[in-house]
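One structure below.
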Amino acid sequence: MTKGVLIFAHNGPEVDYGVMGIISGGLAKKHLGLPVSLITDKWTIAWLKESGMYARAESIFDKIIEIEKPRTKNTRKLHDGFYSQTIPFVNSNRFSVWDLSPYDQTLLIDSDYLIFSNKLNEYWNTDSSVMLGHSMNDITGDRSGILDQRVSETGIHMFWATTVMFTKNEESRFFFKLVDYIKDNYRYYADLFRFDPRQYRNDISFSIAKHIMNGFETEFIYTLPPILTVFDKDILHDVIENRLTFLIEKPLNCGDFWAATTQGSDVHIMNKQSIIRNKEKLLELI
């Protein structure tokens with residue numbers, strides 16, 4: 001049975017997801033010892049070639065799978081420390097991963113999720129067709145709110161689609177078809193589960209699909225580990241081997257920071273621009 005890692009990367013004018021995918025893919029390949037494939041579009045491929053990064057992509061990825069870039073009206077506000085901008089957010093095609101994956105068992109990760117351990121290799125033999133990240137753990141331990149834990153203030157548990165592991169079978173195929181159906185009927189499910197529908201989130205669609213397929217109950221037995229997360233108002237300051245130093249915004253003092261480090265830990269870095277600013281140091285680790 002083949003195993004591999006899969007990453008989606010669709011560039012926009014503001015964020016170089018292609019380079020982020022190379023970094024994330026290279027680190028996953030190194031630390032998990034598995035083949036990695038990239039799902040992308042012709043525009044992102046063209047930019048990787050123009051920027052001189054395509055040869056690096058070919059050396060890292062087992063397959064580069066070209067698809068049509070989804071059209072989207074979805075936007076999100078991205079912070080880079082003190083600064084922020086509202087940009088297009090292309091994330092509506094994750095449901096297609098079942099059909100696109102070249103592997104029997106797949107670990108789907110976000111391009112801003114950097115793997116520095118082999119922890120996720122422990123989950124391949126778990127008796128579950130689809131597993132999601134159980135929850136989000138803020139690096140400080142105390143800044144996450146109710147909407148990081150539930151799809152709404154009174155809603156069901158929020159799983160995180162930053163990490164998704166699945167085995168290709170009929171159960172997982174139905175799961176991703178259900179995710180697609182929830183996406184297409186997002187406002188209906190927003191009324192049903194009482195969340196804000198103005199921004200489409202895979203975390204919400206995947207959580208609802210998981211909830212439905214478990215008989216409208218929340219199941220915590222078969223899940224991936226909580227996701228160590230650094231918020232986008234925080235800044236990746238430096239990279240030395242597998243030790244990352246962050247400037248963490250103080251909760252009661254906007255624009256004021258204190259330092260924190262991770263070492264040998266998988267980490268979700270929501271400040272995408274700070275990943276790109278450190279791309280040379282991160283690429284050296286691959």
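Taking R0 as 25 Å, what FRET efficiency do you get between residue 148 and residue 187 from their Cβ-Cβ distance, rounded to the nearest 0.05?
0.65
Over 20 Å between Cα atoms, which of 42/168; 77/210; 30/63; 3/272; 42/177 qualify?
Flagged as over cut-off: 42/168; 77/210; 3/272; 42/177.
Just to check, using Stokes-Einstein with a Kirkwood Rh over alpha carbon pairs, what's the diffusion coefficient of region 3-284 at 10 °C and 1.306 mPa s in µm²/s?
Translational diffusion coefficient: 83 µm²/s.
What does the net charge come to around residue 1 if you take all other residues with beta carbon closer than 15 Å to its beta carbon, with K and R at +1 and D and E at -1?
0
Sorting check: for 96-105, 116-125, which peptide has the highest mean count of neighbouring beta carbons within 10 Å, and how do the rest follow?
Answer by packing, highest mean first, reads 96-105, 116-125.
Taking the Cα centroid of region 164-227 and of region 42-89, what is the distance between the two, rounded to the nearest whole Å?
Each part reduced to its Cα centre gives a spacing of 25 Å.
What does the convex hull of the Cα atoms come to per residue for region 149-286, in Å³?
Taking the convex hull of the Cα positions in region 149-286, it is 154 Å³ per residue.
Could you tell me the relative contact order of region 37-79? Use alpha-carbon pairs under 8 Å, at least six residues apart, and round to a whole percent.
Averaging sequence separation for qualifying contacts and normalising by length gives 55 percent for region 37-79.
For residue 104 and residue 73, compute 0.36 nm times the residue count separating them, minus their Cα-Cα distance, and round to one decimal in nm.
7.9 nm
Among 239-246, 80-87, 17-24, what's the highest-first ranking by average C-beta atoms within 10 angstrom per residue?
Ranked from most to least packed, the peptides come out as 17-24, 239-246, 80-87.
Rule-based calculations on the coordinates, nothing more; no lab input. Quantities reported herein were computed from a predicted structural model and do not represent experimental measurements. As a convention, Cβ positions derive from the backbone with ideal geometry for all residues, glycine included, and neighbour counts pool all protein chains shown.
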